[in-house]
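A short worksheet on the structure shown next.
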Amino acid sequence: MDSEPVTVTAAYRVDPGRESEFYAWAIEMLNAAARLPGYLGGGVMGSGSTSSEWHVLYRFEAEGPARAWDSSLERARLASRTGSFVQEKGTQRTSGLENWFKGPVRPLPPPPKWKLWLVNLSAVFPPVLIFNVLVIPFIKDANFLLRTLALCLGVTAMVTWLVMPRLQRLLKKWLYPPLQSIRGRHRRMAADGPRARR
């Protein structure tokens with residue numbers, strides 16, 4: 001569906017010793033994306049302080065805003081400023097359920113299980129309650145298996161298209177560290193890089 005959250009992951013190879021320059025450029029890209037409607041957040045990921053493989057993630061509330069970012073003049077302008085020390089290796093797009101609790105490259109550890117349990121409970125309980133109060137009384141004489149199937153179909157549809165996308169937007173800062181903490185982590189990585197290479 002066009003209304004599902006979309007994650008765009010751009011992969012880059014960065015020459016050793018140029019990580020700080022790449023990181024500053026990537027933050028510029030994220031700040032530009034953040035000015036567009038529908039942007040949910042993002043981050044810059046490297047697998048270590050001397051990593052040559054980096055990813056820039058952009059999360060959007062739907063496919064439309066993601067396409068608007070892809071075709072924006074600001075993105076094209078900033079992309080043209082990357083030096084020869086950066087090679088783009090391609091992009092990946094994912095949407096829907098796979099983005100509720102993890103990104104395509106798992107840049108951060110998943111939220112603790114108790115947080116996932118609370119979010120799932122918050123997503124499932126209201127539809128089950130509504131269905132039991134408003135629908136089940138009208139089909140109480142139906143076969144038990146048919147009643148159960150109707151309950152599962154109704155609740156799954158409500159959770160997938162109505163409840164979970166809204167909870168994901170509402171609780172994203174609680175489930176994942178904000179972009180500022182990602183920036184701090186990678187600044188420390190970039191600062192430690194020269195010492196690590198000695």
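The values are calculated or read from the model by the stated rules, or taken from the named source; none is laboratory data. Note that this is a predicted model, so its numbers are computed, not measured. We place every Cβ from the backbone using ideal geometry, glycine too, and count neighbours over all the protein chains shown. Surface accessibility is based on the protein's heavy atoms, side chains included, excluding ligands, DNA and RNA. Shrake-Rupley method; radii C 1.70, N 1.55, O 1.52, S 1.80 Å.
Give just the number: which of (1) at pLDDT below 90; (2) surrounded by fewer than 15 Cβ atoms within 10 Å (Cβ to Cβ); (3) within 30 Å of residue 166 (Cβ to Cβ) does residue 71 not satisfy? Tallying (1) at pLDDT below 90; (2) surrounded by fewer than 15 Cβ atoms within 10 Å (Cβ to Cβ); (3) within 30 Å of residue 166 (Cβ to Cβ), residue 71 fails exactly one: (1). Across region 16-49, the number of residues qualifying as farther than 22 Å from residue 175 by Cα and open to solvent by less than 60 Å² (accessible area, probe 1.4 Å) comes to 12. The set of residues in region 151-165 that are open to solvent by less than 30 Å² (accessible area, probe 1.4 Å) and either among the aromatic types (Phe, Trp, Tyr) or in contact with a helix residue (DSSP H, G or I) (Cβ under 6 Å, 6 or more places away or on another chain) (or both) comprises 154, 155, 159, 164. Just one residue in the set 120, 143 is exposed (fewer than 11 other Cβ atoms within 10 Å of the Cβ), polar (S, T, N, Q) and modelled with pLDDT of 80 or more; that residue is 143.
Considering region 7-24 alone, what residues qualify as being part of a strand (DSSP E or B) and either at pLDDT below 85 or touching a helix residue (DSSP H, G or I) at 6+ places or on another chain (Cβ under 8 Å) (or both)?
First, the residues of region 7-24 that are part of a strand (DSSP E or B): 7-14.
Listed by number, the residues that qualify are 7, 8, 12, 14.
Tell me, please, whether a residue that is in contact with a strand residue (DSSP E or B) (Cβ under 8 Å, 6 or more places away or on another chain), under 30 Å from residue 160 (Cα atoms), at pLDDT below 85 and open to solvent by 10 Å² or more (accessible area, probe 1.4 Å) can be found in region 50-68. There is no residue in region 50-68 that is in contact with a strand residue (DSSP E or B) (Cβ under 8 Å, 6 or more places away or on another chain), under 30 Å from residue 160 (Cα atoms), at pLDDT below 85 and open to solvent by 10 Å² or more (accessible area, probe 1.4 Å).
Cβ separations smaller than 9 Å between residues 6+ apart or across chains give the following pairs from region 63-87 residues that are closer than 25 Å to residue 15 by Cα to residues that are open to solvent by 30 Å² or more (accessible area, probe 1.4 Å) and of a type in the set (Gly, Ala, Ser): 85/17. Residues of region 86-112 that are surrounded by fewer than 15 Cβ atoms within 10 Å (Cβ to Cβ), at pLDDT 80 or above and over 15 Å from residue 57 (Cα atoms): 87 alone. Restricted to region 25-49, and to residues there that are assigned to a strand (DSSP E or B) and of a type outside the set (Phe, Trp, Tyr), the residue that is farthest from residue 163 (Cα to Cα) is 46.
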